[in-house]
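Below is one structure, written out as C-alpha cells, with a few remarks after it.
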Amino acid sequence: MPSYEHLGELLDPASTVLLTVECQQGVVGPDSALPELAREARSSGALRNVARLVAAAHETGVQVIHALAERRPDGRGASRNARLFRAAERLPVQQLTGTTAVRVAPPIEVTEEDLVVRRLHGLSPIQGTEVDALLRNLGCRTLIVTGVSANVAVPNAVFDAVNRGYTAVVPADAIAGVPADYTPAMIRNTLALVATITSADEVLGCFKRPRRRA
C-alpha cells in the first residue's frame, strides 16, 4: 500500500477522476445477466464501497464518470470477435440501450454533475470511447478505477489509463471478479505492477483531508 502522504498527493480533487466500470443493474443488480459476478460484487462489499467512494467524490468535488456497456436491440455495431461477446448474446438478460439493465445500479447515486459514457463494442471503458478525451478536458492526472470485473474490464481500464499517461489508483476492495479468489491474485500479480493499490477507506481519508493552499 502507498504511504498516506503519497496517496494524498495523487488524489488532488482538481486533477482526480473517479471511474465506475459496468456498475449497472444488468451486471451487478438483482436481475443480473451474470448472477455469480453480481453476488460477488455485493457479498464482498465492492459495490457498497464504490457507492461510498462516489458519494465522497460528490461531496469533495472529484469528478465521477460512469462507464456502461450496452448493445442495440438489433445488435448493430456490437463486437462478435471473442467468445465472451458471443456468449453474452445468449444470456437471458441483455444490456439493451434504454432498458433498466443499463442504468447505474443502487446503492450508487448519480448526480447531474456526473458523466455517463456508454459503449456499444469492445472490452474497455476507455479504448474507443469518449473517456480519454473527457479526462484530458477535465485536467485529469489520476484515475481511480472501480467496479467490475477484475477479470476483463477493470484491467483493461487500468492498462489503457496507464498507456495514455494517467496514474491509475485501484481501491482493491472496490473491484470484484469471479471466482472470488481471482481478484486478489489479479491485483497482486498484475495490477500492482502498473497501478497504485489502496483501499476505499484510504481514498476516503484522502478526500476528507484538508488541502494546503498554494
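The values are calculated or read from the model by the stated rules, or taken from the named source; none is laboratory data. Predicted model only: the values in this text are computed from it and were never measured. Cβ placement follows ideal geometry from the backbone for every residue including glycine, while neighbour counts extend to all protein chains displayed. Please note that ligands, DNA and RNA were not included when accessible areas were found on the heavy atoms of the full protein model with its side chains. Shrake-Rupley method; radii C 1.70, N 1.55, O 1.52, S 1.80 Å.
Here is a yes/no grid of residues against (1) open to solvent by less than 70 Å² (accessible area, probe 1.4 Å); (2) among the hydrophobic types (A, V, I, L, M, F, W, C):
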| site | (1), (2) |
| --- | --- |
| Gly61 | yes, no |
| Ala67 | yes, yes |
| Leu84 | no, yes |
| Thr111 | yes, no |
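In this structure, is Gly98 of a type outside the set (Val, Ile, Thr), more than 26 Å from Ser44 (Cβ to Cβ), open to solvent by less than 40 Å² (accessible area, probe 1.4 Å) and without any contact (Cβ under 8 Å) to a residue 40 or more places away in the chain? Considered against the rule, which asks whether it is of a type outside the set (Val, Ile, Thr), more than 26 Å from Ser44 (Cβ to Cβ), open to solvent by less than 40 Å² (accessible area, probe 1.4 Å) and without any contact (Cβ under 8 Å) to a residue 40 or more places away in the chain, Gly98 comes out as no.
Conditions tested, residue by residue: (1) touching a residue at least 12 places away in the same chain (Cβ under 8 Å); (2) part of a loop (DSSP other than H, G, I, E, B).
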| site | (1), (2) |
| --- | --- |
| Gly75 | yes, yes |
| Arg80 | no, yes |
| Phe85 | no, no |
| Leu91 | yes, yes |
| Glu109 | yes, yes |
| Glu112 | no, yes |
| His121 | yes, yes |
| Ser124 | yes, yes |
| Gln127 | yes, yes |
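Within the bounds of the stretch 45-52, is there any residue that is among the β-branched types (Val, Ile, Thr), assigned to a helix (DSSP H, G or I) and either within 20 Å of Leu143 (Cβ to Cβ) or without any contact (Cβ under 8 Å) to a residue 12 or more places away in the chain (or both)? Yes, the conditions are met somewhere in the stretch 45-52. With respect to being open to solvent by 70 Å² or more (accessible area, probe 1.4 Å), in a loop (DSSP other than H, G, I, E, B), at pLDDT 95 or above and not charged (D, E, K, R), Val178 falls outside the description.
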